[in-house]
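Heads up: the structure comes next, in structure tokens.
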């Protein structure tokens, strides 16, 4: 069988009609899942870094540029999600358009976004929770709040190494159990966390608007230093690639297509709606933040939002931001683990992974064994891995998935021009082509070290594919 043999569209549509996972998600639940995945620590930390080191106040334009790239990809995701409303997201779409090898490439890349991303976020969650507990007068033993390879700064200013990051393990286990018990319960928990963090972001924007100083926005685009990526228009592009991490997650909505009540109508609402809401919040947040404090003061500051809040009389906002960050990180971990289990569910159903990943619980109607295995794997990573090891790998793996999904729309329009499309990507081939170019530009902006890590990660994945998956492929067995 050719490495590029595709899975028939009819087979995928029949899978969509097979009652396996519970269809319980409406449009607002899907929007909530999208916002839950998108708004996390990236908004509160990356905004200051991108402004101080790359774009200055023009980080607002970086958010817009990153959002445009996401919008192009989101329109392409929406077409596929309505055509093929099954779990699996970009993996499934690539299988239908470009063949098994590229489908595996995307499925393996999504591990960077979902499983590794969840582990990375859980380590951030741990540090914020430890800080919040310290504010409340409760200090955990330093041996239990960081891995042996991840130094942690104690309140006294002493830098120490721990033994295991138990808070990170705790949140991964807790969310995994929630995901195993049902999609409806998971969606409700996400909705509560989304309300908390969106409320705090809106309060920050409204409270800070009156205290902005116009001189902080001058010059809006600082002149380039002579090096690519350091201010000027190249700095805006570089910052867009960095803060793209803050947009990661909207595509996770498509992994829940098989659990949406009316996927042909609700999937585009969930994908585009969550992306639009978050873009507006991000742009306003960045504008207010750089208006409250000059961008140069954010350089090297571990808490840039707290510095901006200090320019207002509302000191109580600092604690609220910390609470919103914890809520945001919790919802991100939930949606990442949800997305990963659904991608593995689809890959196992195609024979590319062991069958255990697609076993459905008879009562909960969830791939609970997949959630259980992921709980163990991600927990081990959360407990012992240093956060710096894979933090930036997440963005480049996701951008690669976006490129292939956009290209997949072009291929599907040519190979299956008459297939039913409840949602059609507008202005094809312009929109998919712009999506490919925008995402590639942001990938190049991330620099060579991240490309090297991506190549190494894909090499591991290809070893698994040729050693196991290709020999167990159901598509190959039928050919």
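Read-outs: derived from the displayed coordinates by stated rules, not from any lab. Note that the structure is predicted; figures quoted are calculated from it, not measured. Cβ coordinates were reconstructed from backbone atoms using ideal geometry, including for glycine residues, and neighbour counts include every protein chain displayed.
Points to keep in mind about this one:
- Computed from Cα atoms, the angle from the helix 263-292 axis to the main principal axis of the chain rounds to 20 degrees.
- Compared with the dominant principal axis of the Cα atoms in the chain, helix 393-415 is inclined by about 40°.
- Label point at residue 3 placed 7 Å out along Cα→Cβ; residues across region 394-421 whose backbone nitrogen lies under 19 Å: 400-401, 404-405, 408
- With a Förster radius of 45 Å applied to the C-beta separation of residue 477 and residue 441, the computed FRET efficiency comes to 0.65.
- Shown is the FRET efficiency for residue 264 and residue 202, computed with R0 = 35 Å from the Cβ-Cβ distance and rounded to the nearest 0.05: 0.65.
- Extension gain, residue 280 back to residue 131 (0.36 nm per residue minus Cα-Cα distance, nm): 50.7 nm
- Helix 430-445 axis, angle to the chain major axis (alpha carbon atoms, nearest 10°): 50 degrees
- Taking a point 7 Å from the Cα of residue 451 along the Cα-to-Cβ direction, none of the residues of region 106-150 has its backbone N closer than 17 Å to it.
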